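Undergrad: Take this structure, written in structure tokens, and hold onto it; I'll ask about it next.
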Amino acid sequence: MTSQNSTAPSTEARANRLVHPVDLVVSSIILTGVGYLFYETTQFDEVSPLFAQNIQPAMYPQLLLWIIGLLACLLPFEHILLTKKGKNIDKDRSEAVHPLTQLTIGFLIAIVLASPYLGMLLTMITICLVMPRLWGYRKPIPILLFAGVFPVVVSLVFSKVLRVYFDSGIFGIAL
């Protein structure tokens, strides 16, 4: 039961604000990450103009980061559009984060940390084997086919067609 003297703004009060406070915090976190990653892209080695083909290695990731940053800047104002459409942005947010979401985040953090050791191919195979099972898909044959075919096709496209090579990890497995 809520108290009428509560200092926390109600859902209706938040909807009437120009900036949604929850989305402002989320946007700040995203923009901090974008800023750090953008700085990291400035540390990329420059490619000789002969091989750059009018695009330096940092240009594509920086373009993506600009787009993510722009969308993050618009996020605190999203509630205004949804309110005009008669939707309440805070309705679904009152529910706790599902434990499966937390488990998925934990697994993805672990696999990202393990990827330098596993290499790109084994990392993709592991993700393709674990994620469907984690999310409740139980048919083993489609999972095995997906985990066997998809990573191999992606690896072949990158290594043979695009000539982009990824680390093979400590096991030395690469295509």
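Undergrad: Given a Förster radius of 30 Å and the C-beta distance between L156 and A110 as r, what FRET efficiency does 1/(1 + (r/R0)^6) yield to the nearest 0.05?
TA: The formula returns an efficiency of 0.70 here.
Undergrad: Using 20 Å as the cut-off for backbone N distance, which residues of the stretch 101-143 belong to the label zone defined by a point 7 Å from the Cα of D167 along Cα→Cβ?
TA: It comes to 107-128, nothing else.
Undergrad: Still on this structure, I have one more. Pop the C-beta distance of L103 and W66 into the FRET formula with R0 = 22 Å and round what comes out to the nearest 0.05.
TA: 0.10
Undergrad: When a footprinting reagent is the concern and you count Cβ atoms within 10 Å, what order do T42, T104, T32 take, fewest first?
TA: T42, T32, T104
Undergrad: What is the sum of charges, Lys and Arg at +1 and Asp and Glu at -1, for the other residues whose Cβ falls under 10 Å from the Cβ of P57?
TA: Charge balance near P57 sits at -2.
Undergrad: Take the Cα of A174, step 7 Å along the line toward its Cβ, and report every residue of the stretch 107-127 whose backbone nitrogen sits under 14 Å from that point.
TA: Those under the cut-off are 116-123.
Undergrad: Let me ask you something else. I want to verify a result. In a Gaussian network model of the chain, Cα cutoff 10 Å, which of these has the top mean-square fluctuation: E78, E40, E95?
TA: Greatest mean-square fluctuation among the candidates belongs to E40.
Undergrad: With each pseudo-label sitting 7 Å past Cα toward Cβ, what's the L24-T83 distance in nm, one decimal?
TA: 1.3
Undergrad: Where the centroid of each part is defined by its Cα atoms, how far is the stretch 145-168 from the stretch 91-125 in Å?
TA: Comparing the Cα centres of the stretch 145-168 and the stretch 91-125, I get a distance of 21 Å.
Undergrad: In µm²/s, what is D for the chain at 20 °C and 1.002 mPa s, where D = kT/(6 pi eta Rh) by Stokes-Einstein and Rh is the Kirkwood radius from Cα pairs?
TA: Estimated via Stokes-Einstein, D reaches 105 µm²/s.
FYI, it's all coordinate maths here, none of it is from the lab. Since this is a predicted model, take the numbers as computed values, not measurements. Note: ideal-geometry Cβ built from the backbone for every residue, glycine included; neighbour counts use all protein chains shown.
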